[in-house]
Amino acid sequence: MMPFPSLGAVLAVVSLALAAPTSKVNPLVDPEVLVDKVSMDKLMDVAKEIQRFAYESPEKNRFIGTPGLERTMELVEEFLDEAIGYKLDYYDISRDYFEFKYKGKVLKLYNLIAQTKGGDPDNVLQLGAHMDSVAAGPGINDDASGGIALLEIAFKLAHGNYTVNNAVRFSWWTAEEEGLIGSQHYVDSLSDEERQKIRLYLNFDMIASPAGEFGIYTSEFNSVGVEAPPGVAENEKLFQDYFDDADLEWKTVALRGNSDHWPFVTADIPTGGLHAGADPNYHTAEDTCENLNMDVFFETTKAIAHAVGTYALSFDSLPPRDSL
């Protein structure tokens, strides 16, 4: 097998493919334009790089506390900060540190948060995906896929230097596989006032499954006995309409406590997201780039870009947040 390209090679491809902005007038974000900027090649390039990090780690994975996960998180930050040779002064980037005890050892872990410097900070669209894998393998679908999609959109949003009316906050979680530890820590650390500013949280976990589904998290919470907060059904419809317009068949997926959306659900924050269905390689060494459904990965990332562009412009389609 040919060796995977180095990080330098991936960044070089990105820098050659994208010309530096020439206009001093920052364009208002356009959902259709942002969707068109999503690149299938870039999604696979980054997936291969993250898989290389796993294979070069002694553990052959990206489990918490391993070099594979640390290099993955550094890659995300590098793309956001200096990916094409100059500062993309578009995001406030922070590491949300926390400690987690695993097998008698205290690990110092962190979530990575990037929020646009522009846009109303009192009306935030937040998106998230977890970047850790299980110990069994590299975890490329579960869940490098969601994190890569967010990175692709965050990068294209910054490179276009788009003006946003509402703040957009990207989140890359860790320790999801150990019980949603990173995202729960983050939500627990928010004051009621800060929670109120999140108009919608969108989660993306396993969006390149071989099953090839376009699963939309539904507002029907009856299976877990939790009532959906206002805004969930409206977001569900946004994704349904997008897939209908793209002539792609979709299905609804129940929101349960099995991914990083759950801390937001239980904090009464409107929540949604996408999921590509079951994966026979789930939590095995075969969760690799070679087993991704790239067509679904690509189309789902475009759907996410549509949501980002839409809500960065306006939350008019969502009801006002109720007081917590």
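The values are calculated or read from the model by the stated rules, or taken from the named source; none is laboratory data. Keep in mind it's a predicted model, so treat the numbers as computed, not measured. Glycine gets a Cβ as well: all are built from the backbone with ideal geometry, and neighbour counts include every protein chain shown.
Of everything in the range 297-324 that's surrounded by 24 or more Cβ atoms within 10 Å (Cβ to Cβ) and among the β-branched types (Val, Ile, Thr), which residue is farthest from Ala144 (Cα to Cα)?
Here the residue is Val308.
Please determine whether any residue of the range 169-191 is β-branched (Val, Ile, Thr), part of a loop (DSSP other than H, G, I, E, B) and over 22 Å from His130 (Cβ atoms).
Scanning the range 169-191, I find no residue that is β-branched (Val, Ile, Thr), part of a loop (DSSP other than H, G, I, E, B) and over 22 Å from His130 (Cβ atoms), so the answer is no.
So Ser189 passes all but one of these: (1) in contact with a helix residue (DSSP H, G or I) (Cβ under 8 Å, 6 or more places away or on another chain); (2) farther than 12 Å from Gly273 by Cβ. Which condition number does it fail?
Every listed condition holds for Ser189 apart from (1).
With the condition kept exactly as written, say whether any residue in the range 233-250 is of a type in the set (D, E, K, R) and within 19 Å of the chain's Cα centre (by Cα). Give the steps one after another, and end with the answer.
If we filter the range 233-250 for residues that are of a type in the set (D, E, K, R), which is where we start, we get 234, 236-237, 241, 244-245, 247, 249.
Then drop every residue that is not within 19 Å of the chain's Cα centre (by Cα), which leaves 236.
Yes: one or more hits.
Given the criterion modelled with pLDDT of 95 or more and buried (at least 24 other Cβ atoms within 10 Å of the Cβ), identify the matching residue among Gly139, Gly179, Gly118. Write out each step before concluding.
Details: Gly179 fails: buried (at least 24 other Cβ atoms within 10 Å of the Cβ); Gly118 fails: buried (at least 24 other Cβ atoms within 10 Å of the Cβ).
Going through Gly139, Gly179, Gly118 in turn, just one is modelled with pLDDT of 95 or more and buried (at least 24 other Cβ atoms within 10 Å of the Cβ): Gly139.
Before we move on, is Pro230 surrounded by fewer than 17 Cβ atoms within 10 Å (Cβ to Cβ), over 21 Å from the mean Cα position of the chain (by Cα) and under 27 Å from Pro31 (Cα atoms)?
Yes; evaluated as a whole, the condition is true for this residue.
Scan the range 79-99 and give yes if some residue there is closer than 29 Å to Pro270 by Cβ and part of a helix (DSSP H, G or I), otherwise no.
yes
Do we have any residue at all in the range 158-175 that's at pLDDT 95 or above, within 19 Å of Leu34 (Cβ to Cβ), touching a Leu at 6+ places or on another chain (Cβ under 6 Å) and aliphatic (A, V, I, L, M)?
Taking every residue of the range 158-175 in turn, at least one turns out to be at pLDDT 95 or above, within 19 Å of Leu34 (Cβ to Cβ), touching a Leu at 6+ places or on another chain (Cβ under 6 Å) and aliphatic (A, V, I, L, M).
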